[in-house]
Each structure stands twice: as structure tokens, then as C-alpha cells.
């Protein structure tokens, strides 16, 4: 059962797996999550971009492949379905074409490896997710997100996400700053959950340091689209919160940080993490479990 395990958060939700760069461990974490999900329900999974290839298309390093089993529902290109050593039944073909072929939905009939090819923009991703949920009644959807990008989250309201981050001695300070920033910005509340605050200013587009000076001085609340629209660092957000209440139109839930430690003991990292008062679940080296 998954009730006492981090993976229960995937069940009956649309969940993105994001990361702090290429080869952070997103695909490995997806494979692990899917292995737990299959014990309870049939998973549906897809990618933003390309995942599951044997070698990285940029640096040539070997990469973990995506495993698929009977009943799994996958989104990829028709070319990758034909290339796979598994067997699939086509469920839907979209009028979306990438350099690696037409985007389709397929159900696995025989286990095999699959390379995931995702849609090229957020509008296409929204269309695919809506079809999966509304037409195929897929309830547990896992999306391997693009490296260093949070904007695909906006393709589906109320989605959750895990953030996979690889950390070593050299990157520790920057990684903790990233965790602090994500935990803070994703915890911002929505006006829809509260009485609307008088003198609320709705900011269109991204909240950047240059736009702070454009915010009217007489407002009580600043509302942005969602936390992915915020392009400020941690200190800038804290400083702005001293002046106005910051709210978001759409909430995306941070389910936890998946931390892959290299050259650092877990006890040392946990101590540093707690010193920063970061309010988010911490999953350390889950592949060793």
C-alpha cells in the first residue's frame, strides 16, 4: 500500500516531475514512482521534450530508459511506438508533429522500453492532458518536465509537482537557495480561497525586478498568475511581502524535494536544510531504498 509513502501523492492527480538541470535524475525518479503507482492503479505518463533515449542527444552520456508494462498508457510519437521493443495499441493520434514524429496516445500490451517524445508547447500539452482526463478517464498522470523550466505546470490547473535536485559540495549553497525560493513561492495563497482583498492589483505577465517599480504604491495585495510567473530571488520576494500581500490566481502544490546527494552525508544536508526553515517534504536518495 502507498498510504505511508511519498508516492501516494501521485494517485488520482496530475503530477509534474521537475528538476534543476539535465541529468538531475528526473527520469530515474519517474521510473521509481511508476513502479509504486502500478501496485495501485494504471499510470499514464508523458514527457515535455524527449526522455528515455539511451544516450543524451546533447552530451552523449548514457541515460536511464523508460520502462512500460501492460495496461500503461503513454504519450509519445508514432515513430517511438514503432521503435519500441514493447507492443502497443493506438488510442489517439493528435495533429501535433515534432521532428521525431506525430504525437499519439497508446496503451501497452507487452512490456518494453519506450522513448517519450512530448508536445512542443503548453497549448498542445493542455490539449493532451484534457483528452487523457476527459475522454480516456485517466486519473493518475505523471509528466516528466523539461530541465530548468517550471512553465509547463501552467498547462493544467491544480497540478502537483516534485522537484528533483542533484547536489554536491560545490552546489550545496545554491541548491538550498533554490529550495527556499521554490518552497516560498509555491506556498503563496489564492484569493479564491479567501475573501478578496480590497485594493488588489492584478499583474499581467511575469513579475520581475524591473516591474516592482511599476506596482502602484496604494495597493494592499499583488496578484500574479501563478508562482511560475515570479522571476524574483528569495530576498526580493521577502522584501516585497513587507510591502504587499502576494497572492496567485492558480495554486500548484509542491509535493516535495527529491534530493540526490553526492559527496555529502544525508545528516549534514538535513541539518543545513532545517537551518533554512524550508517547509517542504524532503526525499533523500530514494533510489537507494
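What follows is calculated from the coordinates using simple rules that are stated; it is not laboratory data. None of the values given here were measured: they were computed from a predicted structure. Here the Cβ is made from the backbone with ideal geometry for all residues, glycine too, and neighbour counts use every protein chain on show.
Between helix 266-275 and the chain there is an angle of about 30 degrees, using the helix long axis and the longest principal axis of the Cα atoms. Most simply put, the chain has about 35% antiparallel DSSP beta bridges, counting only bridges with both residues inside it. From its DSSP helices (H runs of at least four residues, each -39,500 (n - 2.57)), the chain gives a residue-normalised ellipticity at 222 nm of -7000 deg cm²/dmol.
Within the listed set 71, 277, 13, the Gaussian network model of the chain (springs between alpha-carbon atoms below 10 Å) gives the highest mean-square fluctuation for 277. The structure shown yields Rg and Dmax of the Cα atoms in Å, and of the options [x] 18.6, 59; [y] 17.3, 51; [z] 19.9, 63 that calculated value carries the label [z]. Among 198, 159, 175, the residue with the largest mean-square fluctuation in a Gaussian network model of the chain, with springs joining Cα atoms closer than 10 Å, is 198.
What angle, in degrees between 0 and 90 and rounded to the nearest 10, separates the Cα long axis of helix 26-37 from the longest principal axis of the Cα atoms of the chain? The angle comes out near 70 degrees. Seen against the Cα atoms of the chain and their longest principal axis, helix 172-186 is set at about 80 degrees. Once the mean of 1/r is taken over each pair of separate Cα atoms and inverted, the stretch 95-190 shows a Kirkwood hydrodynamic radius of 16.2 Å. Distance from the C-alpha centroid of the stretch 187-230 to that of the stretch 93-163: 30 Å, rounded to the whole angstrom. Measuring r between the beta carbons of residue 85 and residue 38 and using R0 = 22 Å, the FRET efficiency lands at 0.70.
Taking a ≥ b ≥ c as the square roots of the Cα gyration tensor eigenvalues, the stretch 199-278 comes out prolate, since a/c reaches at least 1.5 and a/b is larger than b/c. Subtracting the Cα-Cα distance of residue 243 and residue 139 from 0.36 nm times their residue separation leaves 33.4 nm of extension gain. Using a Gaussian network model of the chain whose springs link C-alpha atoms within less than 10 Å, name the residue from 206, 173, 33 with the highest mean-square fluctuation. So, out of 206, 173, 33, the one fluctuating most is 173. Taking every C-alpha pair closer than 8 Å and separated by at least 6 residues, the mean separation divided by the residue count of the chain gives a relative contact order of 21 percent. Normalised by the number of residues in the stretch 189-248, the mean separation of alpha-carbon contacts (under 8 Å, six or more apart) gives a relative contact order of 41 percent.
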